[in-house]
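Okay, so here's the structure we're looking at.
The values are calculated or read from the model by the stated rules, or taken from the named source; none is laboratory data. Keep in mind that what you see is a predicted model, and the values were worked out from it rather than measured. Backbone-built Cβ (ideal geometry, glycine too); neighbour counts: all protein chains shown. Heavy atoms of the whole protein, side chains included, go into the accessibility calculation; ligands, DNA and RNA do not. Shrake-Rupley method; radii C 1.70, N 1.55, O 1.52, S 1.80 Å.
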Amino acid sequence: MARVYAAEADWTLMSYVRQWGMADPTAPTVTAPPAAAPAPAVAAATPSFSPLYQQIKGLLLRSLQGGEWKPGEVIPSEVDLATRYKVSQGTVRKAIDELATDNLLVRRQGKGTFVATHAEERTQYRFLRLQPDDGAAAGMRRRFLDCRRLRAPAEVSSALGLKGSESVWQVRRLLLGEVGGRMRPVVFDEIWLPAALYKGLSAERLSGQRGPMYAFFETEFGVRMIRADEKIRAVAADAEAARLLEVAEGAPLLSVERLSYTYGDRPVELRRGLYHTAAHHYRNQLS
């Protein structure tokens, strides 16, 4: 009888536990998994802000890039542009001032604002920094050696942002300047151009053009050079450079590698020049 009462007592106790949620002392202990760590707070995205004149500058750049106003042409007046964009004349003026500082526009007193062009005398030598030591004019004669279309070498293709199968024009030329009373080769240039942008280029067209090469690219191909990056180092003349520049093999030369860009920071020319600086120097003005 004692065992029966004990069993009934155990059953009653378990029923009470189930009914009132009390812990069962005979049940195995279960450890709950640790609570997940709270997710790190994510900084809320903030809207980017661009001053109004910068937005107008961007719209003007878009019109320049789209060819609405071509190199050498006058752009609408500040009043007309303010009406067009529904902003103040002062906002337009500030945008134009920045584009003029970037050498994309040129102000002419009493005439208006014009799209800069490499055909202008004041800008045609902006990318040629080689100056005669005697302070004479920097004008030089050109002698084109060859113009060939070929598949772009790997390093040229990479610099110009081309696909492996795209072709380029390779142009080689000499620039001659006065040295010791006679015209002598001073610069040997090797120029690489994306063939897709310069369709129909030839040695005959290059030789027949007058004025700066960059002005020729503007008028004939619609390619506008607006800025460039350069790498400069001293090198020794190899056999070919020595022959073309009329110096001894191993003579010191200045190597200038230039990558030129058009609108949208698109590379459109890779130029490698070797400069003979016996009577010339590379001049750069910093401000």
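Brief remarks follow.
- First in the stretch 61-76 and in a loop (DSSP other than H, G, I, E, B), second anywhere and among the charged types (D, E, K, R), Cβ under 6 Å, 6 or more apart: PRO71/GLU218
- Residues of the stretch 196-225 satisfying the condition of being surrounded by fewer than 18 Cβ atoms within 10 Å (Cβ to Cβ) and within 22 Å of SER158 (Cα to Cα): ALA196, LYS199
- Some residue of the stretch 202-216 being touching a Lys or Arg at 6+ places or on another chain (Cβ under 7 Å) and either farther than 30 Å from GLU68 by Cβ or assigned to a helix (DSSP H, G or I) (or both): no
- Failed item, numbered, when SER158 is tested on (1) open to solvent by 80 Å² or more (accessible area, probe 1.4 Å); (2) in a strand (DSSP E or B): (2)
- As for the stretch 265-280, it holds at least one residue that is among the hydroxyl-bearing types (Ser, Thr, Tyr) and open to solvent by less than 40 Å² (accessible area, probe 1.4 Å).
- The listed residue being within 20 Å of PHE144 (Cα to Cα) and in contact (Cβ under 8 Å) with a residue 24 or more places away in the chain, out of ASP229, ASP189: ASP189
- Exactly one residue out of ALA237, ALA228, ALA241 is within 15 Å of the chain's Cα centre (by Cα) and surrounded by 13 or more Cβ atoms within 10 Å (Cβ to Cβ), and it is ALA228.
- Flag if ALA234 is over 16 Å from ARG142 (Cβ atoms) and either of a type in the set (Asp, Glu) or without any contact (Cβ under 8 Å) to a residue 24 or more places away in the chain (or both): yes
- Filter result for the condition that a residue is among the aromatic types (Phe, Trp, Tyr), in a helix (DSSP H, G or I) and at pLDDT 50 or above, over TYR53, TYR16: TYR53
- Remark: SER260 falls outside the filter, which requires a residue to be without any contact (Cβ under 8 Å) to a residue 60 or more places away in the chain, open to solvent by less than 70 Å² (accessible area, probe 1.4 Å) and either among the aromatic types (Phe, Trp, Tyr) or on the phi < 0 side of the Ramachandran plot (or both).
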